[in-house]
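The values are calculated or read from the model by the stated rules, or taken from the named source; none is laboratory data. Being a predicted model, the structure only gives us computed values, none of them experimental. When we count neighbours, we look across all protein chains shown, and the Cβ atoms used for this are built from the backbone with ideal geometry, even at glycine.
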Amino acid sequence: MSSQKFAIPFRVHLKRSFVLSALLLFLYGGATICVLLLAWPWWLKLGAGVMLAFSLVNVLKRHILLSGHGAVVSLCCDDGERWRLQSASGEWSEAALVSGTSMQPWLVVLNFRIEGRRRLLPVVVMSDSTDSTTFRRLNVRLRRAAPVPV
């Protein structure tokens, strides 16, 4: 049974998150220190360090700067089940919210399946990446919605 309030389109505009960038830099810094402390040959440490650096650049572009390939800058939920995602290039894609969404008071990770693609697209929404009212409304909407099984 759907409420009339959820029939109104709901839109989330994402912006850069200071908390997520600090968390990612802390985690990647810790991973780099762990690699350096391992008893591996120097060339293996260098390879692991290069892979970590490429991964960090990819994550920063996609989730922090919102400019990389696959970066989502806006979400729109037309009703309880239909979602549209706007990429950094400005194009809109139809998507289905699948199970595996994680919700915390300060973090929401949404997993979408875009039509015509095999891989899931994760979208990270931090409490400081949108205004507090929109973040709270997103949490409420997600608690009431039933995601599509993977």
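If you take the residues of the stretch 70-98 that are closer than 12 Å to Leu121 by Cα and either out of contact with any Lys or Arg (no Cβ under 9 Å at 6 or more places or on another chain) or modelled with pLDDT under 80 (or both), which of them is surrounded by the most Cβ atoms within 10 Å (Cβ to Cβ)?
Leu85
Consider Thr130 carefully, then state whether it is touching a residue at least 24 places away in the same chain (Cβ under 8 Å), surrounded by 14 or more Cβ atoms within 10 Å (Cβ to Cβ) and part of a loop (DSSP other than H, G, I, E, B).
yes
For Pro41, all conditions in the list (1) touching a helix residue (DSSP H, G or I) at 6+ places or on another chain (Cβ under 6 Å); (2) farther than 24 Å from Val108 by Cα hold save one; what is the number of the exception?
(1)
How do the pairs read when you match residues in the stretch 17-29 that are in the same structural domain as Val50 (by TED's automatic domain parsing) with residues anywhere that are small (Gly, Ala, Ser) and assigned to a helix (DSSP H, G or I), using Cβ under 8 Å and keeping only pairs 6 or more apart or on different chains?
Qualifying pairs under 8 Å: Tyr28/Ser55.
Could you please let me know if Glu81 is of a type in the set (D, E, K, R) and in contact with a strand residue (DSSP E or B) (Cβ under 6 Å, 6 or more places away or on another chain)?
Against the criterion (of a type in the set (D, E, K, R) and in contact with a strand residue (DSSP E or B) (Cβ under 6 Å, 6 or more places away or on another chain)), Glu81 does not qualify.
For the structure I just gave you, tell me whether Leu121 is assigned by TED's automatic domain parsing to the domain that holds Phe10, outside any helix (DSSP H, G or I) and in contact (Cβ under 8 Å) with a residue 60 or more places away in the chain.
No: the conditions fail for Leu121.
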